[in-house]
1. Nearest 0.05, what FRET efficiency do residue B:304 and residue B:18 give at R0 = 45 Å with Cβ-Cβ as r?
2. What number, in nm² with one decimal, is the all-direction average of the projected area of the convex hull of the alpha-carbon atoms of the stretch B:151-225?
3. Which whole number gives the average, over all residues in B:229-242, of C-beta atoms from other chains lying within 10 Å of the residue C-beta?
4. For the stretch A:34-87, what is the largest minus smallest coordinate of the Cα atoms on each principal axis, given in angstrom and ordered from greatest to least?
5. Per residue, how big is the convex hull around the C-alpha atoms of the stretch B:144-301? Give it to me in cubic angstrom, could you?
6. Want the number for residue A:136 to residue A:162: 0.36 nm per residue separation, take away the alpha-carbon distance, what's left?
7. How much of the calculated P(r) for the stretch A:141-192 lies past 15 Å, in percent of all Cα pairs?
8. Once you mark the GluC sites (Glu not before Pro) that are in a DSSP loop and have at most 13 other Cβ atoms within 10 Å, what is the longest gap between them in chain B?
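Where a number appears in this text, it was derived from the coordinates with a stated rule and is not lab data. If you're wondering where the values come from, they're calculated on a predicted model, not measured in any experiment. Neighbour counts run over all protein chains shown; Cβ positions are idealised from the backbone, glycine included.
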Amino acid sequence: MHEAQEATDTAAPLLDVRDLHVEFRTRDGVAKAVNGVSYSVRAGETLAVLGESGSGKSVTAQAVMGILDSPPGHVTGGEVLFRGQDLLTMGGETRRRLRGAKISMIFQDALSALNPVMSVGAQLGEMFTVHDGMTRRDSLAKAVQMMERVRIPAAKERAGDYPHQFSGGMRQRIMIAMALALEPDLVIADEPTTALDVTVQAQVMDLLAELQREYHMGLVLITHDLGVVADVADRIAVMYAGRIVETAPVHDLYAAPAHPYTAGLLGSIPRLDHKGKELHAIKGLPPSLTDIPAGCPFNPRCPRAQAICRTDRPPLFDVAPGRASACHFWKETLDDAG
Amino acid sequence: MAELSKQAGKAEAAGQREPILQVRNLVKHFPLTQGLLLKKQVGAVKAVDGISFDLYQGETLGIVGESGCGKSTVAKLLMTLETATSGEVLYKGQDITKLSGRALKAVRRNIQMVFQDPYTSLNPRMTVGDIIGEPFEIHPEVAPKGDRRKRVQELLDVVGLNPEYVNRYPHQFSGGQRQRIGIARGLALNPEIIICDEPVSALDVSVQAQVINLMERLQDEFNLSYVFIAHDLSIVRHISDRVGVMYLGKMAEIGTDAEIYEHPTHPYTQALLSAVPVPDPEAREGRERIILTGDVPSPANPPSGCRFRTRCWKAEDKCAEEVPLLAVPTLYQGKDTPAAHASACHFAEEKPSVVSAA
Ligand SMILES: Nc1ncnc2c1ncn2[C@@H]1O[C@H](COP(=O)(O)OP(=O)(O)OP(=O)(O)O)[C@@H](O)[C@H]1O
Ligand SMILES: Nc1ncnc2c1ncn2[C@@H]1O[C@H](COP(=O)(O)OP(=O)(O)O)[C@@H](O)[C@H]1O
Ligand code: SF4
Ligand code: SF4
Ligand SMILES: [Mg+2]
Ligand SMILES: [Mg+2]
């Protein structure tokens, strides 16, 4: 597969998701939320997973973390290799120990992810008592250190405060402190700044990028914001209807998208640095996951669709080293963009 | 080029014509009370604290600012959904904050609103036809009973929805389609002004573009004036002729879109623009980012003098003592430069490296 060919770096990937399938069995039918997703991240690398709401970004992450809502959710195929070990077949206890210590996650909504009736200092401290066997006293000192690390002013005085007593930006920084407390190798951040304002968003992203460099972590950054991606990611994977439709190094993707959906996304966002005319909206709506169109799932909305697109599902074609596109007409798309 | 002459034409027209809406020193304080039985006022949330601006016929005035700075409160005051603590909102010269009864009803017809959240702003138990036609119940003179169904179907058609959908319920529509229903309802009474409070913020990017294009088309078609409130600076730039930047209940800076986006003079605007992630790694290079430290202060207890001083890298003693007025900075007065627009800062000055070339 294309992922393997790109391995100029001799280091094996930290996380290697292969052909992952997840479905939800609900009363309305089977929703195929993830349909063969593959991606990989190396230590020190940031992979952005970009896609609109409902495209399967969070479900993929939940399956990787082993926190899928099940039932109704079921992993129906694929592998999730962490340092070569398949997380999906490993025992529950082993996996739990990896989670938190080696792999951790930052959620979009810090308020609901933090425990509302426990002080922030105690929540952070608990990570050290449980995983590192520290004494309560030491763990509290360590908690304050972590809070300082994510720039909470007057950390010592505020360690006794509860989550609701902090602003949105501060809560998100505390979430980051919790995720990084045990110095994990891999962090999955699911829309970490979507609920924040631009200036606070910039603060939080900056902090995350700085800590990532410092700890040399692998980072999977899930977002729907093309701007955030451009600022921090090394590579991008674009998702549509539970599939990766394009993967590429950041610069290449912006310079010339190789998939019509990516091109459409780039055309539909207004730009701060030049005032355009009419926005190139993608017509129509994303498909229902209980009824994904035959052939290419994007075909009802695609300006380039031909007969073959309604019958044959395009696989991920290798476009260039480190680049792939799931479009029969990737060459034409790339030529038009370039 | 065509875009430029269109802009110039609009500005010229604005110079000659009376504004359709004039907002003067508008204030809204929400009392903070303590005690369960005998509610004692212990302070006030200064949500809007002295705001002035004009809106001209056919233009879009964008209002940007961070969460909690008072944007939605301004919208509600313009709609007379909240009572102003003080100040004036002049609609064609008449102060609507002082109106009541029939006179207020007549004005309200001309000022309509489109809300942020397409998922909760529509009544789930009403059909789309009833939702869009509801304003006719209050203003029967606009569409006599027999005409209503036809009028509703026309409105559905105008916003790009199938007129046969009149009997469907909101849950049968996607977010983008619901926002179109909200817009159709806003248009029902042929208003002159539409206040849009984050009309596309809850939508996905590809659907956002559809709704923005629709709003621009309707503006041209019906000569509507928009107040367009959003926190997304790129969308506001795209749709606005002029832009006002709010911070903690006050207007920090206001001007044409080029003046604000390419020649900001207020440190807050400069920080805000520099923080916007630009979706193009190449355009980003050479841009200086100003990362603000600290959190936004509480509007119940705003800093003395300039409200931005607790996060401003240029703050001096004067900033804590004197409230800076919203006016053309002395540095640029009488000069023919795009930096000569209103900015509420004692030390207002351009800082070219925060914006990339347009
Ligand atoms: N009814 C109310 N009672 C008390 N305080 C209020 C009330 N409505 C708004 N506020 C306060 O007034 C301030 C401004 O609120 P507003 O809703 O106008 O902000 P906004 O700029 O629209 O923010 P957002 O971007 O989050 O929508 C906030 O501090 C808010 O908590
Ligand atoms: N617990 C659940 N039960 C049923 N369907 C679910 C559940 N969680 C997610 N889904 C569905 O899976 C699809 C992908 O969701 P998600 O991964 O959360 O999207 P996003 O890309 O926005 O993160 C959506 O259609 C969603 O409705
Ligand atoms: S395969 Fe066909 S329908 Fe799908 S994106 Fe490519 S051109 Fe469009
Ligand atoms: S008045 Fe002072 S504190 Fe306020 S923005 Fe200007 S320099 Fe900064
Ligand atoms: Mg999600
Ligand atoms: Mg609001």
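1. For R0 = 45 Å, the calculated efficiency reads 0.75.
2. 4.9
3. Mean shielding count: 3.
4. 34, 28, 18
5. 168
6. Net length gain for the segment: 7.5 nm.
7. The proportion of pairs with Cα distances above 15 Å equals 43 percent.
8. Result, exposed sites excluded: B:142-284.
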